[in-house]
Amino acid sequence: MIELDGLTKRYGTKTAVDHLSFRVRPGMITGFLGPNGAGKSTTMRMMLDLDNPTSGTVRIDGRHYRELDEPLKYIGALLDAKAMHGGRSAHNNLLCLAQSNRIPRSRVGEVLDLVGLTAVARKKSKGFSLGMGQRLGIASALLGDPEILMFDEPVNGLDPEGIHWIRNLMKSLASEGRTIFVSSHLMSEMALTADHLIVIGQGKLLADTSMADFIQQNSRSFVRLRSPQQERLRDVLHADGFVVVEAGNGTLEVDGASTDRLGELAAAHQLTLHELSAQRASLEEAFMQMTAGAVEYHAHGTGTDVHGGAPAAPGPAWGANSGWGAAPGPGSGPTGEGV
Ligand SMILES: Nc1ncnc2c1ncn2[C@@H]1O[C@H](COP(=O)(O)OP(=O)(O)OP(=O)(O)O)[C@@H](O)[C@H]1O
């Protein structure tokens, strides 16, 4: 378990992390979300004692990081995959870490195997691709077989097979009862991976909730209907008290209704339906809805349409930090489920 209490970090007049308090619990994957500059990396660095809090505390299984003997056996982290020594081989990078934490030499081979780098174990890591570097960073996090694992953007640079692999790895580590804390800008990936979410904006806690509740509470869900008798269907729905939105292309959208109820209503009036589908909002929509007021770096002239998917790609007008990391993908719009 990781416990944060009133964690705060100021850089001069800038408050990067603002009185954050939350728990990261074992046996599940907790996603850590926030727009660019929200304070995620600063929070993770303070969790690992790489940065000193201005005030507040972080406890790892009840203790401060500094009080842990051989910390890699308690908490493993992938923060910056490029932090490895480029002149050393993958094997030697891990061996140095293992020796400084009294981890047996045999574990190096095990984790290299686990991340699929055995064939390049003796190659210098400076020649590694982004994806190979990520795998090496993940190997270093796993080295001490810790109960707590923290991953900052773990799928960065990984190909689809690699993304699938890290997703399943995190799930299996969580199912063993470990504590998994992961940040990512890839909402579609986060939606498939995390059980629980911590969302921050401008350093402050915005949400600490299950994935399902987060999506339900921060976005619109509706039922989409399509019928060759659209006008009659609309009249029947109106007569039954539903608010109906004509969405173009012959589709109607109804908020606050179940597909069962609407299907039965259509059948009772002998109306043919070509589509009856519950549209669940995506995590990306819910995230953009919640963080709309806490986005520090905006692209001028694009806006963030909370019901219309991802904003446009970052342009030259973006702030000092890069823009949104999430490209519109399979998780971009509402997802349909139905007939
Ligand atoms: N060493 C530093 N000195 C001054 N300001 C800093 C420093 N590190 C971070 N900040 C500022 O603190 C804020 C939080 O930054 P941080 O990198 O933690 O955000 P983030 O959520 O990880 O962002 P991203 O998603 O872009 O990686 C930003 O405004 C950033 O400019």
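Under a cut-off of 21 Å between alpha-carbon atoms, report the lysines in cross-link reach of residue 124, not counting same-chain residues fewer than 8 places apart.
Cα-Cα hits under 21 Å: 82.
Could you work out the mean projected area of the convex hull around the alpha carbons of segment 136-190, in square nanometres to one decimal?
3.6
Scan around residue 18 for amide H atoms under 5 Å from its own, H built in the peptide plane at 1.01 Å from N, and keep only partners 5 or more places away or cross-chain.
Long-range HN contacts for residue 18: 9, 204.
For segment 247-254, just list the computed ³J(HN,Hα) in residue order, Karplus coefficients 6.51, -1.76 and 1.60, θ = phi - 60°, integers in Hz, with x standing in for Gly and Pro.
With the stated coefficients, segment 247-254 comes to 9, x, 6, x, 10, 10, 10, 10 Hz.
Quick one, can you get me the convex hull of the C-alpha atoms of segment 148-270 expressed as volume per residue in Å³?
Dividing the Cα hull volume of segment 148-270 by its residue count gives 186 Å³.
Determine the shape class of segment 1-65: with a ≥ b ≥ c the square roots of the Cα gyration tensor eigenvalues, call it rounded for a/c under 1.5, and otherwise prolate if a/b is greater than b/c, oblate otherwise.
Judged from the Cα gyration tensor, segment 1-65 comes out oblate (a/c at least 1.5, b/c at or above a/b).
Bear in mind these aren't lab numbers, they're just calculated from the coordinates by the rules spelled out. Keep in mind that what you see is a predicted model, and the values were worked out from it rather than measured.
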